[in-house]
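Bear in mind these aren't lab numbers, they're just calculated from the coordinates by the rules spelled out. Computed from a predicted model, the values in this text were never measured in an experiment. Here the Cβ positions follow ideal geometry from the backbone for every residue, glycine too, while neighbour counts run over all protein chains shown.
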Amino acid sequence: MADPSSFAPPSRIVVAGASLAGLSAAKRLRQLGYSGDLVLIGDEPYPPYDRPPLSKQVLTRRLSTDTTLPQPRDLDIDWRLGVAARGVDLTARRIDLANGDALDYDRLLIATGTRARPWPKPDEASIDGVLTLRGRDDADRLVPRLAASPGRVLIIGGGFIGCELASCCREMGLAVTIVESERVPMRRALGERIGAFMAGVIRDHGVDLRLGAMVERIEADNAGAVAAVMLKDGKRIGCDLIIVALGAVRNVEWLEGLGLLTSARGLRCDAFCRALRANESPAPGVFAAGDVAHWPLVANDGHLVTVEHWGNAVEQARMAAHNMLAGDITGMRIHQHLPDFWSSQFGLNIKCVGLADSAEEMAIAQGSVEGRRFLAVFGRKGRTIAALSINSARWLPAYRALIEEGAPFPPIEGAVDQPRMRKEAAGFASIDT
Amino acid sequence: MSQDTLFARILAGKSRPNPYPLYAIMRKTPVARQTDGTYVVSSYDAIYRLLYDPRLSSEDLPPPLLHWTGNPIKDLIIDPIKEQIRARHRPFIFRDPPDHDVLRRRVMREFSPERVRAMRGKTEKIAHDLIDNCQSREQIDLVDNFSYPLPVTVICELLGIPREDEPQFQGWATQLATALDPDQRSDEENWKKSQITFDQISAYMQALIDRKRADPQEDMLLGLATYKDPSDGRMNNYDLISTAVLLLVAGHETTVNLITNGMLTLLRHPEHLERLRATPAMAPRLVEELLRYEPPVHYRTRLALAEIEIGGVKIPKGTPVVLLLAAGSRDPDRFPDPDCFDPDRESNTHFGFGGSLHYCVGAPLARIEGEVALVALARRLLNPRLVETVPRYHPGASLRGPRHLPIAIDGIID
Ligand SMILES: Cc1cc2nc3c(=O)[nH]c(=O)nc-3n(C[C@H](O)[C@H](O)[C@H](O)COP(=O)(O)OP(=O)(O)OC[C@H]3O[C@@H](n4cnc5c(N)ncnc54)[C@H](O)[C@@H]3O)c2cc1C
Ligand code: HEM
């Protein structure tokens, strides 16, 4: 359905969420020659900054907590920082701010991302020494705590951020425990096999890694500071600092009940980055990008995905910017991005292209697992859908091209440093659609 | 013009002075099959992709040539074993991961920034000494008098090879450079000579390393010999020798050609020679542009371990692949006005040093040598002029450069 008013070129574009996706969209809009009003609303008081270093070099104090993203000088943005967007009127095309202001828009980009999932029991979550990590303020709280040499750091959750945190702790010589309910760490992104490999690496670095374990309760001492956790199986682990790393919650509450299609998985949008209404038709002039978006991935047979990675936030925002200026659907482009991410921890550089989590099978295509330098490929229905490198990133572009071409699985038979290839079960939970 | 014999024309000696028009035709078919089954890759994009493709191997040395001596023990036992050892310990430019990476890592360690930086002063001294030797001459041969001796002296200094052994090294390096050059490697007579040279240089290196172990001094060779890698331990003697020889050879003729091509280009573009004389600080940009515009290494060969589809062409498994780096560095899709020599280019990501895992280990040193040499020549040669418009070239099409470069001068400036 064409939207008649979208043929007029926009003269005011409002972006809700002033972080990676918001800034990337703003830069792209200006690059494409958009010269109208451009408003960026962000509830954090800071100009857009970069999050990946916060769980890496910032904690070991190799970088400061000021990770402000570089900005071209001539962006000409009307910044509304330190104030949250509170609601949208889709018919009047107006966005309301928490300070009572209201702004009309021709196009609206929703890029409000996610926040750290808090510890579910509020009384325990508020104990002194129980922290989470998502933004600069979190890092500002965490850095001095780590620098004060706590006796033991306990991390609840063995996902990427939890494991990166543990790696920093070990680098600083701190005793650290990870409590993870799955049988392997980072299983959702890496699967059983690679997850098991990572478990070995993590333990080799002296982390007390408790797998298949759940924290039941957080305990404080008499002074009200954190003292220990009690596990489901009754074991007690003393600790001086707890970091809750249980993943992210999408910032969509402010959109609920306004006619947009939201859920715990984010704000639904189509492949053109247009936000959808409850009846799945695009909301006029409204787009979404980044961690908050829940969208159909062409490379994944159109399955709906949420991608919480840096590369997608940038690419999706750029595509949304393009489509905001496109007029009608004939000028719009599909966001076809093949998701990718990286992580650095325990001396390893981990990189992945494609979403491995829907894979049925996998194989080590190059290098050796024992040597901690290898490339794994993942397949579904006979096609290669993802490739993951451990300290072998140089080969990934070739695999990316093969994945984009829809190469069979395994994609390559005959490569330098290729072991005898053996297909194995990928070890992901069944895909939820 | 037929595409499938174009590479043969590029290899022909008469193309040596100016192969670039042929490269431009070649690029019209970025991945072109030749009549002998070889595939030649000439566009920037395709070369870039293939440099990072795991299906291409660098282990493409020709099969060993075993010569019958009539002595059965030597012919049937000793020589084949020797050949096997040699193949297993070939220099790492001809090896694939994981062995390549381990050896390369050791060498990178030795190329520490401090050690490389310290070479600048030493290189300046060497360059000025060579120019001093040309006092009271009206004509010099830039190759014999300057470009040729400079890199050997530098690399001997770096490795820690005694000065008095240098002349011997020059001869060895020249012979062995032909073994790196794909088009000369296939010549049987020449290959045999290289093997004999390799035996001689191996024996020399072995003795030298033993002496160094007995009387340790701070240099690269000893560093390589004594370093214990956390996962791989100490380097074995075969790898040590093949690596030392590689450093000598890979850094020799290439650098000679950089300097010679550089001076030739400057004499053909006198405004840039003048600028360099007035502003030595532009030397780094100038050297970078030379590496794009007149690179010392024109192509490298690889072997396809599996079928590779690129740009709509299928390269079959087992096929030799020629990466025509010098054509990629002049690809108009990547470099605006590619045939113009312009040191002020915005972005200059040329293939002069290759790319990816075999990217030149000696690049920082080579840059210093190029900068120092050209600045010294620009400042000290009084009124230099080309004697011939087109110099005579070495036979090599890959390691391409003038055999002689006569230059007329009005004197040497102190
Ligand atoms: C510690 C950490 C490490 C990471 N490491 C990696 C990594 O190594 N590799 C990788 O690929 N990815 C990594 N990521 C993920 C990556 O940072 C995210 O994908 C990226 O930040 C998403 O950008 P975004 O702009 O969509 O959302 P966000 O960065 O979450 O930004 C959303 C912004 O909107 C604001 N906001 C929310 N609600 C409102 C509202 N109602 N009104 C106004 N503003 C609002 C938020 O405060 C926030 O500033 C990491 C993330 C974290 C937290
Ligand atoms: C201007 C001078 C030089 C040029 C143009 C040059 C060019 C190159 C190129 C193109 C390669 C890639 C080969 C391939 O991909 O197959 C290479 C590799 C190499 N070069 Fe250089 N080189 C120069 C000087 C040097 C010097 C001074 C040294 C050492 C002292 C050196 C040592 C090496 C080594 C060891 C390799 C192999 C790297 C590997 O296989 O990992 N080079 N060089």
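When you filter the trypsin sites (Lys or Arg not before Pro) in segment A:327-433 for DSSP loop state and at most 14 other Cβ atoms inside 10 Å of their Cβ, you are left with A:ARG333, A:LYS381, A:ARG420, A:ARG422, A:LYS423. When the pairs A:LYS121/A:LYS235; A:LYS27/B:LYS28; B:LYS192/B:LYS228 are compared against a 25 Å limit on Cα-Cα distance, A:LYS27/B:LYS28; B:LYS192/B:LYS228 fall above it. The relative contact order of segment B:198-310, computed from alpha carbon pairs under 8 Å that lie at least 6 residues apart in sequence, is 20 percent.
When the charge dipole of chain B is built from unit charges on Cβ atoms (+1 for Lys and Arg, -1 for Asp and Glu) and taken about the Cα centre, the candidate among B:SER231, B:ALA177, B:PRO395 whose Cα reaches farthest toward its positive end is B:SER231.
Beta bridges per DSSP, both residues in the protein assembly as shown: antiparallel share near 65 percent. Among B:LYS192, B:LYS14, sorting on how many other beta-carbon atoms sit within 10 Å of each Cβ, with the fewest leading, yields B:LYS14, B:LYS192. The residue among B:CYS360, B:VAL154, B:SER194 whose Cα reaches farthest toward the positive pole of the charge dipole of the protein assembly as shown, with charges on the beta-carbon of Lys, Arg, Asp and Glu, is B:SER194. For the protein assembly as shown, a crude dipole built from +1 on the beta carbon of Lys and Arg and -1 on the beta carbon of Asp and Glu, taken about the Cα centre, is about 780 debye to the nearest 20.
Within chain A, DSSP assigns beta bridges of which about 60% are antiparallel (rounded to the nearest 5). Per-residue mean of foreign Cβ neighbours for B:308-319 is 1 (Cβ atoms of other chains, 10 Å radius). Of the complete DSSP H runs in chain B, those spanning 20 angstrom or more by Cα along the long axis with a mean Kyte-Doolittle score not below 0.0 are B:253-268, B:363-380. Footprinting exposure proxy ranking of A:VAL369, A:VAL184, fewest other C-beta atoms within 10 angstrom first, gives A:VAL369, A:VAL184. Between B:THR255, B:THR226, B:THR69, the residue with the greatest mean-square fluctuation in the GNM of chain B (Cα pairs under 10 Å linked by springs) is B:THR69. Counting only other chain Cβ atoms within 10 Å of each residue's Cβ, the peptide A:392-401 averages 4. Given +1 at the Cβ of Lys and Arg, -1 at the Cβ of Asp and Glu and no other charges, the dipole of chain B around its Cα centre is 460 debye to the nearest 20.
What you get for segment A:118-246, charging only the Cβ of Lys and Arg (+1) and of Asp and Glu (-1), is a dipole of about 360 debye around the Cα centre. Each of A:ILE218, A:VAL229, A:ILE178 was scored by the projection of its Cα onto the charge dipole of segment A:118-246, and the greatest displacement toward the positive side belongs to A:ILE178; charges sit on the C-beta of Lys, Arg, Asp and Glu.
Shown here for segment B:281-344: trypsin sites (Lys or Arg not before Pro) in loop regions (DSSP other than H, G, I, E, B) with at most 11 other Cβ atoms within 10 Å, of which there are none.
Looking at segment A:173-217, the trypsin sites (Lys or Arg not before Pro) that sit in a DSSP loop and have at most 13 other Cβ atoms within 10 Å of their own Cβ are A:ARG183.
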